[in-house]
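Enquirer: Quick one: structure below, then a few questions.
The values are calculated or read from the model by the stated rules, or taken from the named source; none is laboratory data. Fair warning: this is a prediction, and the values are worked out from it, not measured in the lab. Cβ sites come from the backbone with ideal geometry, for glycine too, and all protein chains shown count toward neighbours.
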Amino acid sequence: MSDLATLQVRGTIGVLRIHHPPVNALSPGVVQGIKNAVEQFEADRTLQALVVHATGRTFVAGGDIAEFSKPGFEAKTFNGTLARIENLDRPVIAALHGTVLGGGLELAMACHYRIAAEGTRLGLPEVLLGILPGSLGTQRLPRLVGVRLALDMILSGKPIDAARALESGLVDKVVEQGSNDALLERAIAHAQELLNEGKGVRRTRDRTPAMEGIEPDFFAKALADAKKKKGAYPAPQRIVRCVEAAATLPFEEGEAVEATLFEECRVSPQSAAMRHLFFAERAAGKIPGVPADFVARPIRKVGVLGAGTMGGGIAMNFANAGIPVTIVETSAEALERGLGIVRKNYEASAAKGKLHPDAPAKRMALLSGSLKIEELADCDLVIEAVFENMDIKKQVAKQLGAVCKPGAIIASNTSTLDVNILAQASGRPADFLGTHFFSPANVMRLLEIVRGDGTAPDVLGTVVKLARTIGKVPVVSGVCYGFIGNRMLEPYLRESEFLMMEGATPAQIDAAIQSLGLPMGPCRMLDLAGLDVAAKVVIERGKAGGLPDDPSYRAVVQKMMELGRFGQKTGAGYYRYDGRTPVPDPEVERICATLAEQHGIKRRNSSTEISDEEIIERCVYPLINEGAKILEEGIAYRPGDIDLVWVNGYGFPDFRGGPMWMADATGLQKIAAGLDHYGAQRGDKHGYWSRAGLLTKMIAGGHRFADWPFK
């Protein structure tokens, strides 16, 4: 619809008004409207200048990402319109506010002048979607801010604030933050000032990119660095080539370079995977049974029970968002230690320049400690973060049910335990749910939110909304052992241990898994988390009757705990440690060989009989199969939710889109054949290799996980 962008007249000033809430994204209708408005302005010679302005809370916040995936997509229409704007013979002024990102910044850079309200943020985040700016952002930004800053902004995808934009030359003026109407009036006044001063057009394309401090080998080094650090991603190396073109070629030739390299990125499987995650994150907030117009419970104060590593990290999330927190501990020593660690974390961040020097004191002022659980009575949300033990957590849930005020939400931070049992113990199942913060809780983006059978819809919706407020990616899970992530982790770890008993070394297993793009393999991961912690989870599950009748199941991790090899913290686990550096340890091979003999497992030569392909298939295929079971059971609502959990909580590479997206790319028939093959080869007495019913149905119906929900 062309009325999404229209030309209005204010005396001798034209106003190109963009109105496409909520973020004024560049949909085809908006692009057409801008084109029409520019044509009208061109034809009306009574207008002496043009102001580009957007209604609502932000200027254009980017392109319509959905359009990128459509066959035949091309940026020529929008790019042509930007060229017409830049080539106008009367001044064009962009009035910027909110988040000016992607195509929005490219639109602004095609204008001759830019003013921004205080608080405006400007950036080109396309690299986070596996692409590069496709509307001359790589060519115009270096001409405005210089090569070095432009390359940094485009490679990182991080926005800069209005003050930095003014300093660098990206904007010409910063005005006091006020209403959007006031910004428009300031822009119109600025346009009139330019006319009065006789200042005409100032085309970005005609500028020369600043090259101060740029050495002759600057681009060669930048290209090598992008290849080394981000070699699996399609965009970074191409971004360097585009900015180099901006610095060394005429504008038209640089434009052609960008167009070619943008299209190469757009059609790459890596970019498709990253765009899938973009949409999955937005879909994750749509929860069955929670109306879109639900009324959230107000969360003005939060309580955290437990000041350990997890409790302190959880509290930091809320303090970072400006929400007061009461932390309760059982001893003054534990409370003081916990608050001290939080303070050190903030001070360390400030010392590194990640926080304003005043921030630690301000955030610590939001945290108060107490030894009395009754101090949580005025909190709107209370999260218990005590030891992962059902009996202890049941007792705490009962106490909180009695102490918390009516309407307060009670959450148990748990990674495996049955939330329904805890909810019943609280006596308030409607107010109760599970939260699984990932460690370190103040850093990791994922928050699994566990929906109990009795959890009220508004309670669930409130916590999902609050998760976004504190900067988390919320994913809702049903109740089962391990929820989404840890349940799928179990077969992954199981097979890594069986492979070790068969003869594969920890280093060999980790290297194979890391070849997929994960930051570390299963052995290094458990050494870091603590083999004692992992073993205790297995033992507790066994006591609850949750393990298969297989004495070899997770035998390696239990043996490691028995031997006092807890991982990095004790200097020995699956590896020996020289400081934090893992070193292969022959003793682990001897331990695994002994276990193999005890359990009747045949040993093989690791270098000639166990391939990387087998390691990947045996660790990853059961993980995917478990994901299919989770979907089939309704524990996860969509494949994208599972992918979000694994990318944001377990380090699965975003350029692979998560395990379920990767399953589609691998081919479901190949995965099913692999499960069948290893089941026949190793035996399937305990159902380790039995296909999920959903997987078989999908293959029969010709479906992919990307087609979910199936018709």
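Enquirer: Suppose we keep only residues that are assigned to a loop (DSSP other than H, G, I, E, B) and over 30 Å from the mean Cα position of the chain (by Cα) within segment 576-590. Which one would you say is nearest to Leu528 (Cα to Cα)?
Expert: This residue is Gly579.
Enquirer: Right, Thr309: within 17 Å of Met444 (Cβ to Cβ) and of a type in the set (Ser, Thr, Tyr) or not?
Expert: For Thr309, the condition - within 17 Å of Met444 (Cβ to Cβ) and of a type in the set (Ser, Thr, Tyr) - is met.
Rundown of residues vs (1) at pLDDT 95 or above; (2) of a type in the set (S, T, N, Q); (3) over 26 Å from Ile239 (Cβ atoms), yes/no style:
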site: Ile154; (1), (2), (3): yes, no, no
site: Pro159; (1), (2), (3): yes, no, no
site: Ser179; (1), (2), (3): no, yes, yes
site: Glu197; (1), (2), (3): yes, no, yes
site: Ile214; (1), (2), (3): no, no, no
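Enquirer: Also: Please state which one of Ile671, Ile615, Ile699 is more than 24 Å from Gly521 (Cα to Cα), part of a helix (DSSP H, G or I) and of a type outside the set (D, E, K, R).
Expert: On inspection, the qualifying residue turns out to be Ile699.
Enquirer: Name the residues in segment 634-677 that are of a type in the set (Gly, Ala, Ser), under 20 Å from His436 (Cα atoms) and crowded, with 22+ Cβ neighbours inside 10 Å, would you?
Expert: Ala636, Gly640, Gly649, Gly658
Enquirer: Limited to segment 37-77, what total is found for residues that are modelled with pLDDT of 95 or more, surrounded by 18 or more Cβ atoms within 10 Å (Cβ to Cβ) and not hydrophobic (A, V, I, L, M, F, W, C)?
Expert: Looking only at that region, the number is 2.
Enquirer: Within segment 381-410, restricting attention to residues that are in contact with a strand residue (DSSP E or B) (Cβ under 9 Å, 6 or more places away or on another chain) and β-branched (Val, Ile, Thr), which residue is farthest from Ala441 (Cα to Cα)?
Expert: Going through the qualifying residues, I end up with Val403.
Enquirer: Between a residue in segment 343-368 that is more than 20 Å from Lys301 (Cα to Cα) and in the same structural domain as Pro324 (by TED's automatic domain parsing) and any residue that is part of a helix (DSSP H, G or I) and among the hydroxyl-bearing types (Ser, Thr, Tyr), which pairs come within a Cβ distance under 7 Å, given they are 6 or more apart or on different chains?
Expert: Leu355/Tyr346; Leu355/Ser349
Enquirer: Please list, ordered by first then second residue, the pairs with beta carbon atoms under 8 Å, 6 or more apart or interchain, first in segment 241-261 and free of Cβ contacts under 8 Å to residues at least 12 places away in the same chain, second among the β-branched types (Val, Ile, Thr).
Expert: If the second residue must be among the β-branched types (Val, Ile, Thr), the pairs left are Leu249/Val257.
Enquirer: Looking only at segment 552-563, which residues are surrounded by fewer than 18 Cβ atoms within 10 Å (Cβ to Cβ) and closer than 26 Å to Asp391 by Cα?
Expert: Scanning segment 552-563 gives a single hit, Glu562.
Enquirer: On the basis of being within 30 Å of the chain's Cα centre (by Cα) and assigned to a helix (DSSP H, G or I), does Ala187 make the cut?
Expert: It is false that Ala187 is within 30 Å of the chain's Cα centre (by Cα) and assigned to a helix (DSSP H, G or I).
Enquirer: In segment 295-413, which helices (runs of 4 or more DSSP H) lie fully inside it and hold 3 or more residues that are in contact with a helix residue (DSSP H, G or I) (Cβ under 9 Å, 6 or more places away or on another chain) and surrounded by 17 or more Cβ atoms within 10 Å (Cβ to Cβ)?
Expert: 309-320, 332-351, 390-403
Enquirer: May I ask you to list pairs of residues, at least six apart or on different chains, whose Cβ atoms are under 6 Å apart, with the first in segment 403-428 being in contact (Cβ under 8 Å) with a residue 40 or more places away in the chain and the second being assigned to a helix (DSSP H, G or I) and buried (at least 23 other Cβ atoms within 10 Å of the Cβ)?
Expert: The qualifying pairs are Ile409/Asp431; Ile409/Val459.
Enquirer: Would you check if Ile615 is under 22 Å from Leu516 (Cα atoms) and either under 34 Å from the mean Cα position of the chain (by Cα) or surrounded by 14 or more Cβ atoms within 10 Å (Cβ to Cβ) (or both)?
Expert: yes
Enquirer: If you go through segment 281-292 one residue at a time, do you hit one that is of a type outside the set (Phe, Trp, Tyr), assigned to a helix (DSSP H, G or I) and touching a residue at least 40 places away in the same chain (Cβ under 8 Å)?
Expert: Yes, there is a match, as at least one residue in segment 281-292 is of a type outside the set (Phe, Trp, Tyr), assigned to a helix (DSSP H, G or I) and touching a residue at least 40 places away in the same chain (Cβ under 8 Å).
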